[in-house]
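Okay, so here's the structure we're looking at.
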Amino acid sequence: MVMITSKESLEEKLTLRPDEKQWFENPSSLPLLISDYYFSLIGDTPDDPIRREVVPSVLENVTDASIDPLKEVSHSVTARLIHRYRNRAALLTTDRCFTYCRHCFRRRFTGLDTGPISEKEIDEAAGYLKAHREIKELLLTGGDLFTLSDERLEYLFRTLKEVRDDIILRLCTRAPVTFPDRFDEKVMKIIEKYSYGAPFMLLTHYNHPTELTEKSLEAVKKFLALGIPAFNQTVLLHGVNDDADVLEELCNKLLYNRIKPYYLFQGDLVTGTAHLRCDIKAGIALEQELRRRLSGLAMPQYTLDLPDGGGKIILTRDHFTGEDDDYYYFTTPEGEERKYPKKKG
Ligand SMILES: *Cc1c(COP(=O)(O)O)cnc(C)c1O
Ligand code: SF4
């Protein structure tokens with residue numbers, strides 16, 4: 001596979017802006033890596049949204065926030081396992097991705113050469129899951145799960161299924177977006193082989209309608225054909241998708257292709273991503289507009305993972321306006337008042 005990793009290879013196609021050029025003199029910790037396929041989606045304007053997702057800028061050196069805002073390090077229970085919510089946990093299967101996103105919220109880890117999870121680390125995580133029956137869902141994340149070799153993937157699935165075949169495994173991956181060729185017959189056979197017990201669920205990461213190419217959707221279809229449902233997590237990104245028309249098109253196309261829009265994340269307060277974040281009040285206004293335009297099924301939940309490890313909360317306009325002895329009061333989406341009686345006795 002051909003990967004874009006240098007200034008020269010970017011310049012074969014793009015005329016770099018000054019802030020992009022300056023990154024190479026003063027790079028941030030997250031490496032430059034763009035797959036040939038994803039690079040082909042970039043349009044030739046300086047403010048192209050796909051370009052903003054993956055071409056680095058010196059603005060990443062603005063240190064206004066934390067490197068670990070979700071306090072994942074202090075919630076780690078083994079080298080690779082984060083247990084933040086009682087009934088679910090997240091396994092960092094590798095620090096590698098097929099393309100590094102400039103908005104990556106796990107910069108403390110991603111692309112820093114920790115490498116793929118070892119068999120020993122898989123065994124450790126399995127030991128913890130065996131002892132913690134309260135865990136019902138496991139996020140296989142990173143980095144990108146599918147950068148693991150077929151052999152390591154198989155070892156991971158086999159070991160997890162051996163200790164707990166009742167845990168729902170979320171396959172968290174951006175590979176359908178950035179490197180759809182990964183999903184060849186061999187890897188799909190492995191997934192099929194371990195599709196027993198609790199189901200796999202596919203969690204994709206599409207941020208813009210341009211990413212929903214035929215090739216990309218073909219990769220997702222392979223999971224759907226195995227009966228694996230697909231959900232999408234989008235990050236709200238300034239200059240990429242902070243626009244009602246763009247998000248409306250994205251969510252409708254996702255749903256049409258049987259990928260349920262799940263979360264629309266407010267950008268985490270992670271250092272190096274300030275230029276890509278949106279203001280929360282503007283985000284809530286956008287959410288309201290989307291609610292007017294989209295069906296309930298097409299509508300993602302606008303979500304904030306609170307700084308200092310506060311956990312996830314849903315952001316939306318509050319329709320509850322107050323109460324008296326007899327009633328609760330609400331506003332309709334059109335701004336009219338309604339009341340609903342309290343239950344007595
Ligand atoms: C977001 C997250 C989860 C999953 O949360 P859901 O709301 O169920 O999607 C699990 N563990 C960690 C550490 C997370 O950040
Ligand atoms: S694919 Fe995910 S883990 Fe990898 S760089 Fe993008 S956001 Fe970060």
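Nothing in this text is a laboratory measurement; each read-out follows from the coordinates by a stated rule. Computed from a prediction, not measured in an experiment: that's the story for all the values here. Note that we place each Cβ from the backbone using ideal geometry, even for glycine, and neighbour counts take in every protein chain shown.
Summary of computed values
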read-out: q = 0.13, 0.31 Å⁻¹, segment 39-97: log10 I(q)/I(0) [Debye, one scatterer per Cα]; value: -0.61, -1.23
read-out: Nitroxide proxy distance, nm - points 7 Å out along Cα→Cβ at Ile67 and Lys343; value: 5.1 nm
read-out: Fraction of antiparallel bridges per DSSP, the chain only, in percent to nearest 5; value: 40 percent
read-out: 10 Å beta-carbon shell around Asp166, net charge (K/R +1, D/E -1); value: +3
read-out: Over the chain: helical MRE at 222 nm, DSSP H runs n ≥ 4 each giving -39500 (n - 2.57), nearest 500; value: -8500 deg cm²/dmol
read-out: Per-residue Cβ neighbour rank within 10 angstrom, fewest leading, Glu137, Glu60, Glu121; value: Glu137, Glu121, Glu60
read-out: Relative exposure of Phe24, Phe265, judged by other C-beta atoms within 10 Å (fewest first); value: Phe24, Phe265
read-out: Dipole of the chain, positive direction: furthest Cα of Thr332, His238, Leu10, with charges on the beta-carbon; value: Thr332
read-out: Value of Rg/Rh across segment 113-203 [Cα atoms, Kirkwood radius]; value: 0.94
read-out: Ser9-Tyr256 FRET efficiency (beta carbon distance; Förster radius 35 Å; 0.05 resolution); value: 0.50
read-out: For segment 209-321, alpha-carbon Rg relative to the globular expectation (2.2 N^0.38 Å, N residues); value: 1.12
read-out: 15 Å beta-carbon shell around Val2, net charge (K/R +1, D/E -1); value: -2
read-out: Calculated FRET efficiency for the pair Glu134/Ile280, C-beta based, R₀ 30 Å, to 0.05; value: 0.40
read-out: Proxy reagent accessibility, fewest Cβ within 10 Å first, across Arg102, Arg158; value: Arg158, Arg102
read-out: Dipole in debye (nearest 20) - segment 178-220, about Cα centre, beta carbon charges: Lys, Arg +1; Asp, Glu -1; value: 200 debye
read-out: Estimated FRET transfer efficiency (Ser74, Asp113; beta-carbon r; R0 22 Å; 0.05); value: 0.50
read-out: Net lengthening on full extension, Gln301/Lys189 (0.36 nm per residue, minus Cα-Cα); value: 37.0 nm
read-out: Rg to Rh, two decimals, where the chain supplies the alpha carbon set and Rh follows Kirkwood; value: 0.99
read-out: Residue-span extension gain [Ser29 to Thr210] - 0.36 nm each, minus C-alpha spacing; value: 62.4 nm
read-out: Relative contact order (%) - criterion: Cα under 8 Å, at least six apart; region: the chain; value: 15 percent
read-out: Distance between segment 81-141 and segment 227-245 - C-alpha centres, whole angstrom; value: 22 Å
read-out: Among Arg152, Arg86, Arg108: highest mean-square fluctuation, GNM of the chain, C-alpha pairs under 10 Å; value: Arg86
